[in-house]
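Undergrad: Submitted below is the structure of interest, expressed as structure tokens.
The values are calculated or read from the model by the stated rules, or taken from the named source; none is laboratory data. None of these values were measured; they are calculated from a predicted model. A quick note on method: Cβ atoms are made from the backbone with ideal geometry, for glycine too, and the neighbour counts reach across all protein chains shown.
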Amino acid sequence: MGGCPHRHTLLGLDEPIARRDFLDGVLLASADVLLARSCPILLRAQGTGEISADWTGYTGEGDYQASAGNTERVIQNAHAVRDGQYDKPRSESTETGEAYDCIVVGGGFAGLSAALFFSEQAGPKRNCLILDNARIFGGVAKRNEFVVDGHRLFAPQASVHFQPPYPDSFLKSVYDAMGLDWDAFQSYQKWQGPSPEISLPRSAYGQGTMNGKPAVGFFFGAKYGHKPGIWITDPWGKKLEGTPFPETTRSEMLALHGEQAVRPPLVYDYPGDAVSRQLDSMTLEDYLIRTYGVSRETIRLLVAGESSGGFGLGPDALSAFLYYEWSKVIPTVDDSMATGIQMFPGGNSGMIRLLVKTLIPESIVGPRTMQAVWNNPVNFSALDRTGQRVRLRLDSTAVRVEHLGEPDKSDFVSVTYTNGGRLFRVKAKTVVMAGGGWMTKHVVRDLDETRRKSYEEFNYSPYMTANVAVRNWRFLYNLGISSAEWFEGFGRYVNVRKSATFGVDSPTIGPDLPTVLTFFVDFAKPGLPARTQGQLGRAELLSTSFADYERQIRQQMTDMFAASGFEARRDIAGIVLNRFGHAFINPQPGFFFGRDGQPAARDALRNGPFGRIAFSHSDLAGAMDHRNAFLESKRAVNQLLDRVLT
């Protein structure tokens, strides 16, 4: 254990409980456990996906304190369904006596928008119940909250930003219905700091500029023969000069970054035409090789991190049709980071809160304004009141959904769910399954064989965001950057962004003020089958303790920023991990339009309802995005209204 105690001191792992382990009176992890787990010789091997001891750690403040990512309770309930605990009806389940016109399973973007569309279209006498398995609504679109040196700070757990829609579009109608006020995004935090100013981005994916040049740096450490590491600032502007990449790799990276094609790109006219089907017949990696003439190794070095941030895995496992997912499938009027992208301080949880406030007016204290809905607390007691047209029942995991009788002849669907360790049954005339397919295929008990086989074609991968609250970010400013990228160790990318002023307590931002850095962590294992990558990633995600990840974060930041003034024990104020076991659908070749003359597996789930049950989760669209969730839910609700509730 030679060097471990000294390293603990440097990384801040020996900080007293009052500073690091006790927040709001909650004991998170003992110093002894952190000490032991931070020494390499004591690190245990990765398990098979069982949740480790000391798994959760600190979870932040405010409304979302009990729901950072997939919590242990959510995972355990889901695994009980997967492992067959509810395969047979249970006699101890209690009939609630309730009957609804529609039950929506899932309280994320798909579920809440399905409830919105149902309440708008079904008429004022129809009622709806939303069941959500978490302690607060939102799915992945939740936020973390910190209080650092008197400043209230927010960061997204997952779903990050959005773009302005086209006028008179479907997307605009949804934003309008929830009360999204675009004028609120006219004011972002102003610079309060030394000269020269870094013009900061609005998104967790954006880059700032200093003196007109990108304020971004590439870090290279021990993997590339540099210890201590080196920084190359504005690497693309310098044509990657000074980076330790071989000349061939640099040339290929520049070709990819500059989109210097050696063959004409394949651009389709509409989804389903010959070109789109050609794209869907190959991997994104093969398409990039074909179009840009670069090696697989370079693609996996440069593109894997970007694609895994949107689709969970690298281009080796994904359909090439995804190359145009954001620009052609779900276009918006301005996708640019400079002028189009907008972001609530804690990501798209702001939209979720607006949706809930619209569905249940008393759900959040105060009026339906951007500032009030973002800043005021959730009134949890108002979510599930008798007599409301829309009710939202939290901490309720659906374990059995089945028609009362033959699907085509039944008048009702029975829904069994767990809440507080007990089983309850409720019935509805229609059901929208708005949770992920990895659960839906187990929960819908009488699902026909065709649809069940369809779900077997769906692959999912995990993802994690680590939100690190720091007392200042002078260590980045001293390097002349606000965004950092690296190719080794924990994560791949982090940045500083400014916030819309309606949602924060300070109208200014600068390197001497606290902020939250969001680390995005994928679990891609390039070269392996997509399903295998997902399984291995989940095993790693679930079996790694909070202390292990905390050590990795502190070590990574120390390696990169110690030379520019960072001190982990002084500068880190809090760390929250948000783990999502099935964060992304991973659409393989053939996912969108089928293979070998057979239709796409997803078609059976989208073409019509199964009896009184329709499917609306965004993985059916091939990309986990709130816009896709809206589209899928609109389709599902229309199918039920057209074919069932007529």
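Undergrad: Name the single residue that is farthest from Arg385 (Cα to Cα) among those in the range 87-99 being in contact with a Leu (Cβ under 8 Å, 6 or more places away or on another chain) and hydroxyl-bearing (Ser, Thr, Tyr).
TA: Only one residue fits best here, namely Ser93.
Undergrad: So which helices (runs of 4 or more DSSP H) stay within the range 203-317 end to end and still have 2 or more residues that are within 30 Å of Phe344 (Cα to Cα)? Spell out how you get there, then give the answer.
TA: On the way: elements: 247-257, 274-280, 284-292, 296-302, 304-311.
Result: 304-311.
Undergrad: From Arg538, Arg531, grab the single residue that is within 18 Å of the chain's Cα centre (by Cα) and either within 30 Å of Gln76 (Cα to Cα) or at pLDDT below 95 (or both). Full working, then the answer.
TA: Details: Arg531 fails: within 18 Å of the chain's Cα centre (by Cα).
Just one listed residue meets the conditions, Arg538.
Undergrad: Tally time: how many residues in the range 480-510 are buried (at least 20 other Cβ atoms within 10 Å of the Cβ) and assigned to a loop (DSSP other than H, G, I, E, B)?
TA: Here the count works out to 9.
Undergrad: Out of the residues in the range 608-646 that are crowded, with 22+ Cβ neighbours inside 10 Å and among the β-branched types (Val, Ile, Thr), which is nearest to Leu116 (Cα to Cα)?
TA: In this case the residue turns out to be Val637.
Undergrad: Report yes if some residue within the range 118-135 is part of a helix (DSSP H, G or I), crowded, with 16+ Cβ neighbours inside 10 Å, modelled with pLDDT of 95 or more and in the same structural domain as Glu632 (by TED's automatic domain parsing); otherwise report no.
TA: The initial filter retains those residues of the range 118-135 that are part of a helix (DSSP H, G or I), namely 118-121.
With crowded, with 16+ Cβ neighbours inside 10 Å added as a condition, the list becomes 118-119.
After this cut, where a residue has to be modelled with pLDDT of 95 or more as well, the list is 118-119.
Subsequent filtering for residues that are in the same structural domain as Glu632 (by TED's automatic domain parsing) retains 118-119.
For the range 118-135, residues part of a helix (DSSP H, G or I), crowded, with 16+ Cβ neighbours inside 10 Å, modelled with pLDDT of 95 or more and in the same structural domain as Glu632 (by TED's automatic domain parsing): present.
Undergrad: Let me ask something else. Out of all the residues in the range 281-288, is one or more at pLDDT 95 or above and either more than 28 Å from the chain's Cα centre (by Cα) or of a type in the set (S, T, N, Q) (or both)? Working first, answer last.
TA: We begin by selecting, within the range 281-288, every residue at pLDDT 95 or above; these are 281-288.
Still in the list and also either more than 28 Å from the chain's Cα centre (by Cα) or of a type in the set (S, T, N, Q) (or both): 281, 283.
Scanning the range 281-288, I find at least one residue that is at pLDDT 95 or above and either more than 28 Å from the chain's Cα centre (by Cα) or of a type in the set (S, T, N, Q) (or both), so the answer is yes.
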